[in-house]
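Since the structure comes first, as structure tokens, the remarks are kept for the end.
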Amino acid sequence: MFKAENVSVSYGPIRAVRDVSLTVGEGEIVTLLGPNGAGKSSLISAIIGLVPKTGGRIAFRDEDVTVLGTEALVCRGMTVTPEGRRVFAELTVAENLRLGAATRGDPDGIAEDTEKFLEMFPILRRRFHSAAKYLSGGEQQMLAISRSLMSRPRFLMLDEPSLGLAPRIVDQIFEFLIQLRTWGVTMLVVEQNAGEVLEFADRAYVLASGAMQFSGTAEDLRQSGGVMEMYLGLEGH
Amino acid sequence: MEYLLQQSMNALSLGGEYALLALGLAIVFSVMGLVNFAHGDMITFGGYAMFLVAAGMGIANPALLLPVGVLSVVLFAMFLEKVAFKPVRGAPPTTGMLTAFGVSILIQNVALIFVGTRAKSVPTMDFLISNVTIGSVRIPVVQILETAVTVIAIALLVVFLRRTTIGMAMRAAARDVSTVRLMGVRADRVIATAFAISGFLAGLATVFVLARRGAVDPFMGFTPVLKAFVAAVIGGFGSLPGAVIGGLVLGVAEVMMQVVLPESMAGFRDAFIFTAVGVLLLVRPQGILGERPDFGEKS
Ligand SMILES: Nc1ncnc2c1ncn2[C@@H]1O[C@H](COP(=O)(O)OP(=O)(O)OP(=O)(O)O)[C@@H](O)[C@H]1O
Ligand SMILES: [Mg+2]
């Protein structure tokens with residue numbers, strides 16, 4: 001359903017992403033792993049049109065969307081839950097969710113979806129009318145993911161959803177992602193730590209120094225001790 | 001007592017005008033980081049539009065003329081955004097600022113060349129400069145209207161920013177444009193709306209500026225933009241509530257100076273005020289409601 005071919009990103013002389021290709025099939029959870037500074041966020045930002053691509057093509061649901069801007073991509077059903085959550089700090093939880101649905105014109109559907117996420121994350125209901133900046137990191141991540149889902153995406157890219165969160169919260173968020181799959185959302189999950197995400201991802205890519213180093217099933221990656229050790233600082237098994 | 005009432009009304013209406021001006025400046029600054037020094041010249045444009053309609057087409061009915069003033073500034077603000085500011089959007093902030101100066105100089109010179117240096121009177125504002133007498137207090141109509149219009153405009157703006165999706169997007173964009181785009185909201189639309197609102201506020205101010213001075217000239221925008229800038233700095237640049245408070249503080253301070261200063265020192269009014277602003281900024285560099293400059297991530 002999604003395909004990126006030979007995508008490159010440069011910041012001036014720095015080539016952050018070099019000729020990277022990646023595909024995600026309908027209903028899959030694919031993880032993109034890589035150490036600090038590998039170019040993961042740059043790749044995601046380039047895919048969603050927030051930073052310019054210096055090369056490559058992007059296709060989504062059999063349509064070439066290479067030249068489309070962020071807003072058009074979101075309207076077509078792609079979105080990103082950005083690194084560091086980026087909730088709108090001064091806006092309330094309610095307003096954050098409402099903005100997530102900015103592309104929609106069905107008030108009833110919006111209300112229904114809002115209710116669904118409040119059901120899912122009761123803390124968001126308790127904080128519904130307070131500013132998002134008063135939420136804890138984990139709560140902000142729940143809000144950020146819910147906000148992304150308010151646009152009813154078919155393809156959701158999450159940039160390090162576990163960043164800076166306590167293990168218990170990370171588990172809760174990953175469980176939610178697994179549930180999301182049953183709702184028919186296809187996902188690309190960016191992570192630095194391979195450990196947990198490999199337990200539920202179907203396939204994995206490993207990016208380092210801007211280039212793709214590995215691609216295969218999650219199982220393959222777990223078996224290949226070399227890749228794990230070299231790029232992800234983990235012992236394979 | 002009467003004197004006190006009169007001066008309070010004076011301070012309130014002047015403060016209201018400054019609040020409108022500062023809000024117009026602040027709303028554009030908050031969404032795109034641009035200090036629009038051509039803000040005052042938008043007022044000049046509105047003034048000339050009213051003058052041309054009044055003199056050229058012989059329309060003197062204020063019910064027609066006042067909307068012309070407001071609407072022309074809204075359209076002009078949106079036009080400036082499209083032709084002048086949009087092309088330099090991704091550029092460093094100084095480029096935007098220089099563009100605004102360029103636009104300002106251009107408007108002033110176009111007015112100079114085509115309409116001339118001499119001030120042209122806009123004679124239809126008579127009803128605004130009349131007075132109402134309440135008991136023994138005489139208050140100019142313009143002051144009452146100005147205060148009321150300011151309050152209504154601010155209330156409308158608050159409702160707009162809180163209740164509409166595009167309003168929420170504008171508040172969010174003040175800090176994080178990229179993430180607003182991730183919501184599928186076009187940055188273009190947010191910025192165009194900011195300029196339209198800025199133009200609307202400047203358009204309201206135009207009517208009152210004209211009512212006070214009764215005439216247009218090519219440089220009439222200078223004082224308003226200066227006041228707007230000072231008010232915004234007092235309140236905290238980029239903060240919308242700050243702009244309102246800054247405007248009120250500046251208006252009250254000016255009227256108080258007028259009352260307190262002896263005749264012989266009246267000319268030093270602005271010197272005293274700017275000194276006070278300087279002291280304020282030493283104590284609170286970010287202004288009354290501004291946030292300390294944040295050198296962390298901002299994109
Ligand atoms: N806006 C930018 N300007 C210049 N260089 C940048 C910019 N953003 C990222 N880089 C550089 O590009 C490279 C890749 O960064 P990127 O943020 O994409 O990595 P990442 O894999 O997401 O890292 P992390 O796991 O720390 O989030 C790094 O060397 C980084 O310094
Ligand atoms: Mg990153």
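The values are calculated or read from the model by the stated rules, or taken from the named source; none is laboratory data. Quick caveat: nothing in here was measured; it's all calculated off a predicted structure. In this analysis, Cβ positions are derived from the backbone assuming ideal geometry, glycine residues included, and neighbour counts consider all displayed protein chains. We work out accessible area using only protein heavy atoms, side chains counted, and drop any ligands, DNA or RNA first. Shrake-Rupley method; radii C 1.70, N 1.55, O 1.52, S 1.80 Å.
Here's the yes/no breakdown for (1) within 22 Å of the chain's Cα centre (by Cα); (2) within 14 Å of chain A (Cβ to nearest Cβ); (3) at pLDDT below 95:
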site	(1), (2), (3)
B:138	no, no, yes
B:179	no, yes, no
B:194	yes, no, no
B:197	yes, no, no
B:223	yes, no, yes
- Query: Looking at the stretch A:164-187, is at least one residue closer than 21 Å to residue A:42 by Cα, open to solvent by less than 30 Å² (accessible area, probe 1.4 Å), at pLDDT below 95 and within 16 Å of ligand 2 (Cβ to nearest atom)?
  - Reply: no
- All-but-one check, residue A:195 against (1) open to solvent by 20 Å² or more (accessible area, probe 1.4 Å); (2) closer than 23 Å to residue A:42 by Cα; (3) away from ligand 2 (no atom under 16 Å from the Cβ); (4) not in a helix (DSSP H, G or I), failing number (4)
- Under 8 Å by Cβ, and 6 or more places apart or on different chains, what pairs join a residue from the stretch B:254-268 that is among the aromatic types (Phe, Trp, Tyr) with one that is open to solvent by less than 60 Å² (accessible area, probe 1.4 Å) and modelled with pLDDT of 85 or more? B:268/B:261
- Message: Of everything in the stretch A:202-211, what is open to solvent by 10 Å² or more (accessible area, probe 1.4 Å), in a loop (DSSP other than H, G, I, E, B) and within 25 Å of residue A:73 (Cβ to Cβ)? Give them in sequence order.
- Response: A:202
- Could you check residue B:152 against (1) hydrophobic (A, V, I, L, M, F, W, C); (2) within 14 Å of chain A (Cβ to nearest Cβ); (3) surrounded by fewer than 22 Cβ atoms within 10 Å (Cβ to Cβ) and say which number it fails? (2)
- Kindly provide the set of residues from the stretch B:235-277 that are open to solvent by less than 10 Å² (accessible area, probe 1.4 Å) and within 30 Å of residue B:167 (Cα to Cα), ordered by number. B:235, B:236, B:242, B:243, B:246, B:247, B:250, B:251
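Quick grid of which residues meet (1) open to solvent by less than 20 Å² (accessible area, probe 1.4 Å); (2) among the hydroxyl-bearing types (Ser, Thr, Tyr); (3) over 25 Å from residue B:291 (Cα atoms):
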position	(1), (2), (3)
B:20	yes, no, no
B:31	yes, no, no
B:39	yes, no, no
B:44	yes, yes, yes
B:53	no, no, yes
B:66	no, no, yes
B:79	no, no, yes
- Would you say residue A:145 is aliphatic (A, V, I, L, M), within 24 Å of residue A:49 (Cα to Cα) and open to solvent by less than 50 Å² (accessible area, probe 1.4 Å)? yes
- Message: Against the conditions (1) within 27 Å of residue B:64 (Cβ to Cβ); (2) at pLDDT 85 or above; (3) out of contact with any Pro (no Cβ under 7 Å at 6 or more places or on another chain), where does residue B:130 fall short? Just the number, please.
- Response: (2)
- Query: Is the stretch B:196-212 home to any residue that is among the basic types (Lys, Arg), open to solvent by 70 Å² or more (accessible area, probe 1.4 Å), without any contact (Cβ under 8 Å) to a residue 24 or more places away in the chain and over 27 Å from residue B:82 (Cβ atoms)?
  - Reply: no
- Only one residue in B:160, B:114 is within 14 Å of chain A (Cβ to nearest Cβ), in a helix (DSSP H, G or I) and open to solvent by 50 Å² or more (accessible area, probe 1.4 Å). Which one? B:160
- Message: Given the criteria within 13 Å of chain A (Cβ to nearest Cβ), modelled with pLDDT of 95 or more, outside any helix (DSSP H, G or I) and over 30 Å from residue B:282 (Cβ atoms), does residue B:167 qualify?
- Response: no
- Query: In the stretch B:149-170, what residues are within 21 Å of residue B:187 (Cβ to Cβ) and within 19 Å of the chain's Cα centre (by Cα)?
  - Reply: B:157, B:160, B:161, B:170
- Message: Quick check on the stretch A:157-165. Is at least one of its residues within 14 Å of the chain's Cα centre (by Cα), within 16 Å of ligand 1 (Cβ to nearest atom) and among the charged types (D, E, K, R)?
- Response: yes
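Here is a yes/no grid of residues against (1) more than 16 Å from residue A:213 (Cβ to Cβ); (2) open to solvent by 30 Å² or more (accessible area, probe 1.4 Å); (3) away from ligand 1 (no atom under 13 Å from the Cβ); (4) touching an Asp or Glu at 6+ places or on another chain (Cβ under 8 Å):
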| site | (1), (2), (3), (4) |
| --- | --- |
| A:2 | yes, no, yes, no |
| A:29 | yes, no, yes, yes |
| A:35 | no, yes, no, no |
| A:58 | yes, no, yes, yes |
- Note on the structure: If we ask which residues in the stretch B:117-134 are open to solvent by 60 Å² or more (accessible area, probe 1.4 Å) and either in contact with a His (Cβ under 6 Å, 6 or more places away or on another chain) or in contact (Cβ under 8 Å) with a residue 12 or more places away in the chain (or both), their number turns out to be 6
- Message: For the stretch A:200-219, give me each residue that is away from ligand 1 (no atom under 13 Å from the Cβ), touching a residue at least 12 places away in the same chain (Cβ under 8 Å) and not hydroxyl-bearing (Ser, Thr, Tyr).
- Response: A:200, A:201, A:202, A:203, A:204, A:214, A:216, A:218
- Message: Just checking, does the stretch B:4-12 include any residue being touching a Lys or Arg at 6+ places or on another chain (Cβ under 9 Å), open to solvent by less than 60 Å² (accessible area, probe 1.4 Å) and at pLDDT 90 or above?
- Response: no
- Message: So if I check each of A:147, A:181, which one is out of contact with any Asp or Glu (no Cβ under 7 Å at 6 or more places or on another chain), within 14 Å of chain B (Cβ to nearest Cβ) and away from ligand 1 (no atom under 16 Å from the Cβ)?
- Response: A:147
- Please go through the stretch B:219-228 and pick out each residue that is surrounded by fewer than 21 Cβ atoms within 10 Å (Cβ to Cβ) and hydrophobic (A, V, I, L, M, F, W, C). B:219, B:222, B:226
- Verdict on residue A:12 being open to solvent by less than 30 Å² (accessible area, probe 1.4 Å) and either away from ligand 1 (no atom under 15 Å from the Cβ) or farther than 19 Å from residue A:73 by Cα (or both): no
- Note on the structure: Restricting attention to the stretch A:99-132, the residues that are open to solvent by 20 Å² or more (accessible area, probe 1.4 Å) and free of Cβ contacts under 8 Å to residues at least 24 places away in the same chain number exactly 13
